[in-house]
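Trainee: Input: one structure, supplied below.
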Amino acid sequence: MEIIHISAECYPVAKVGGLADVVGALPKYQNKLGNIAKVVVPAYDTKFIRENNFEVTYDAWSNYGNNHFRFRVLKEKTNKLGFDLYVIHIQGLFDRPNVYGYNDDTERFIAFQIATLDWISQWEHRPDVIHCHDHHTGLVPFMVANSVKYAAISAVPTILTIHNAQYQGQFGWDKLYYLPAFDLWKSGLLEWQKDINPLASAIKCAWKVTTVSPSYLDEMMYNARGLESLLRQERGKCVGILNGIDNEVWDPQTDPMIVKSYNLKTVEAGKLANKIALCNVFQLDSSKPLFTFIGRLVDEKGADLLPDIFYTALQQHGKNINLLVLGSGDGWVEGQLNHLKNGFEGSYNAWIGYNEKVSHEIYSGADFLLMPSRVEPCGLNQLYALRYGTVPIVRRIGGLKDTVIDIGDNGFGVCHDQTSTGDVIHAINRAVDLFNDRKKFKEVRKTMMKIDHSWDMAALKYIELYQIFK
């Protein structure tokens, strides 16, 4: 079976969030099952694209509306990611360092989708499935089914995976002419709440819709930023499949980014060595429990509450805990987190920004990982934490609810019900008690490290989903 994944992100080519990790791992595991999975992403001006070798496999001109552009399809030569990687080079639109955040993002991703479909429609054969990821590729199912230009591939099944329904990519009808010609009476398939909404269109037009955890699928029926009624209407073709993690990348026994490797038998010594090294870098005391947060500093992650949570926890526990942050996002939150350094030297520190190596060092050296999310479709950070023996402290929502069982229920994490300072502080207090009960803490660590959240099972579930179209 040949599967084409179309995405705005793919680790390590270009990463903003968990979308990149999924698209960088799922195809590899699908290939291991005997399939041919390929990935298509834009050719950004990123380190990976600059430092690796590509060959031109297709060179053509296309247009969105009156805007003509040349595009080239480049293939990475060595298959080093475990799948065929293709990048779409469009000069002037994607030869920039950032994935998102430009005023012409609508034009950029429409051009990317058109170029990709122009290329695929010229193949001598047809892929078995086109798998789209989030709104950046959300117009693909509509165009495949309805654009005259793509009649040759109109029978190819399209799948949409919603990684985060909060971002939908909507734009005005003044840009309708960007799309390749189609019967205008089908315009309703593009519309939602008076705009062209790529995510809504994909939900309507894709043959199947998946979400990245079963609980998130349930939650979207009443919390999907305006798409609730549409999702309830299309519920019959929706499936929740829990994300996995790439156990080859996230493995404390072989991880080249950490100070000391370890496994289930050597976890105590390994974690301690990594904790000491991490605390030395950030001027913290390795004898105290180390709480961390890794991620985007946005309201969705509960990051707006972090300054108050950290201040309160540090006031309550004095110098008996450590807190460390790695992340970037909202400017006010960044400023407040930096400001906290002034009053709590030796117990608190923050790295504003993102660094992949530092994230691995934190997972391997920390005792606890905080995830007080308001929205968490799946969450990968808690899965990385489990793999590295770091106890997750999570709100019961989305994929966090599906993957973390509270220690009070004979589980291996600390759970709370609300994204509030009070709930998180109570969870931190429970975590401190767990840390001080050394016997139980060691048992919890070993329990979580035995859990298998690799992509093997999830990849198989996707293949089984595709096969219903054959």
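Trainee: Find the residue count for segment 7-21, including only residues that are crowded, with 22+ Cβ neighbours inside 10 Å and either under 16 Å from Arg50 (Cβ atoms) or touching a Leu at 6+ places or on another chain (Cβ under 6 Å) (or both).
Mentor: Residues flagged as crowded, with 22+ Cβ neighbours inside 10 Å and either under 16 Å from Arg50 (Cβ atoms) or touching a Leu at 6+ places or on another chain (Cβ under 6 Å) (or both) within segment 7-21 amount to 6.
Trainee: When the residues of segment 397-418 are filtered to those that are over 21 Å from Tyr222 (Cα atoms) and among the acidic types (Asp, Glu), which remaining residue is surrounded by the fewest Cβ atoms within 10 Å (Cβ to Cβ)?
Mentor: Filtering first and then ranking leaves Asp409.
Trainee: Considering Phe94, Phe112, Phe142, which residue is modelled with pLDDT of 95 or more, in contact with a His (Cβ under 8 Å, 6 or more places away or on another chain) and surrounded by 18 or more Cβ atoms within 10 Å (Cβ to Cβ)?
Mentor: Phe112
Trainee: Of the residues Gly24, Gly65, which single one is among the small types (Gly, Ala, Ser), surrounded by fewer than 23 Cβ atoms within 10 Å (Cβ to Cβ) and in the same structural domain as Asn164 (by TED's automatic domain parsing)?
Mentor: Gly65
Trainee: Here is a further query. Would you check if Leu324 is surrounded by 22 or more Cβ atoms within 10 Å (Cβ to Cβ), touching a residue at least 40 places away in the same chain (Cβ under 8 Å), over 16 Å from Leu278 (Cα atoms) and over 21 Å from the mean Cα position of the chain (by Cα)?
Mentor: No: the conditions fail for Leu324.
Trainee: Taking the options Phe54, Phe71, name whichever one is in contact with a strand residue (DSSP E or B) (Cβ under 9 Å, 6 or more places away or on another chain), assigned by TED's automatic domain parsing to the domain that holds Ser147, surrounded by 17 or more Cβ atoms within 10 Å (Cβ to Cβ) and closer than 25 Å to Tyr178 by Cβ.
Mentor: Of the residues listed, the single one that is in contact with a strand residue (DSSP E or B) (Cβ under 9 Å, 6 or more places away or on another chain), assigned by TED's automatic domain parsing to the domain that holds Ser147, surrounded by 17 or more Cβ atoms within 10 Å (Cβ to Cβ) and closer than 25 Å to Tyr178 by Cβ is Phe71.
The values are calculated or read from the model by the stated rules, or taken from the named source; none is laboratory data. It should be emphasised that the depicted structure is a prediction, and the values quoted were computed from it without experimental measurement. Note: ideal-geometry Cβ built from the backbone for every residue, glycine included; neighbour counts use all protein chains shown.
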